[in-house]
1. Mind counting the residues in region 44-61 that are surrounded by 13 or more Cβ atoms within 10 Å (Cβ to Cβ) and within 10 Å of the chain's Cα centre (by Cα)?
């Protein structure tokens, strides 16, 4: 089975020099955009907007999980 060339390259990630709190604030703004896009898509009956909001929401969740993983201490002692 061939390897996925996209998998090792994160599509949506925080730059290393950005403070975690600032990255979380920006991610929160993107979540608000996704919610607005979803709401507008539902109200207008535009399935494309709803699907786009879903994809944006999933990208932000991955980013937040990445930030959380970077902050949490390792369960294994060094």
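No value in this document is a laboratory result; all are computed from the given coordinates. This structure is a prediction, so every number in the text was calculated from the model and none was measured. Cβ: placed from backbone, ideal geometry, glycine included. Neighbour counts: every protein chain shown.
1. 5
Conditions (1) in contact with a helix residue (DSSP H, G or I) (Cβ under 6 Å, 6 or more places away or on another chain); (2) not in a helix (DSSP H, G or I), marked per residue:
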site	(1), (2)
16	no, yes
26	no, no
38	yes, no
48	no, no
53	yes, no
57	yes, no
60	yes, no
65	no, no
68	no, no
